[in-house]
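Novice: Encoded as structure tokens, here's the structure I'll be asking about.
Every read-out reported here was derived from the displayed coordinates using simple, explicitly stated rules and does not represent laboratory data. Remember, predicted model here, so these are calculated numbers, not experimental data. Using ideal geometry, Cβ is built from the backbone for each residue, glycine included, and neighbour counts are taken over all protein chains shown.
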Amino acid sequence: MNDIACGTSLIAETKRLTESLMTTITIQEAQAKLLELIHRLTPGEEVLITENDQPVARLLPTTGAKPQRKLGTMRGTVLYVAPDFDAPLDDFKEYTQ
């Protein structure tokens, strides 16, 4: 397959995947079914709201809460700490006197 055909098929496949994750509805339908639309959204899905066949808004799910960090996961990764690690820096002597 040549580069042009490969690029064309890649663009077509990307468009197909994007359209499958994006629903288009009119503003009137959105007003009538807003609660249902919100509860039905899944990550990566998008609802495009149109008025007179022109896009006016997008409804997207929130990203959700970030996972909590687990303490201790970096234990053992610091292999060396200089003996003067917490000694005052020479550049800041005037501020500490």
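Novice: Where the convex hull is taken over the Cα atoms of the stretch 21-62, what is its projected area averaged over directions, in nm²?
Specialist: Spelled out: convex hull of the Cα atoms, projected over all directions, averaged, 2.7 nm².
Novice: Something else now. Select from the stretch 50-85 those trypsin sites (Lys or Arg not before Pro) which occupy a DSSP coil region and have at most 11 other Cβ atoms within 10 Å, ordered by residue number. It would help to have the intermediate numbers written out before the result.
Specialist: Working: sites: R58, R69, K70, R75; in loops: R69, K70, R75.
Qualifying residues, ordered by number: R69, K70, R75.
Novice: On to the next question. Please give the charge dipole size of the stretch 21-62, origin at the Cα centre, charges +1 on K and R Cβ atoms and -1 on D and E Cβ atoms. Round to the nearest 20 debye. Please report the intermediate quantities before stating the final value.
Specialist: Details: 3 positive and 6 negative charges, 25 e Å.
So the dipole magnitude of the stretch 21-62 works out to roughly 120 debye.
Novice: What is the order of V81, V56, fewest Cβ neighbours within 10 Å to most? Please list the in-between numbers first.
Specialist: On the way: V81 8, V56 12.
If I rank by nearby Cβ atoms, fewest first, I get V81, V56.
Novice: Here's another thing I want to ask about it. Can you say what percent of the DSSP beta bridges in the stretch 21-62, counting only those with both residues inside, are antiparallel? Round to 5.
Specialist: Working: 5 of 10 bridges.
Roughly 50 percent of the DSSP beta bridges within the stretch 21-62 come out antiparallel.
Novice: Sorting K66, K33 on the 10 Å Cβ count, fewest up front, what's the list? List each step's numbers first, then the result.
Specialist: On the way: K66 6, K33 13.
Going from least to most buried by this count: K66, K33.
Novice: Once amide H atoms are placed 1.01 Å from N in the peptide plane, what residues at a sequence separation of 5 or more from T26, or on another chain, have their amide H within under 5 Å of its amide H?
Specialist: T50
Novice: Could you check the simple spin-label distance between Q68 and L48, using points 7 Å along Cα→Cβ, in nm with one decimal?
Specialist: 4.1
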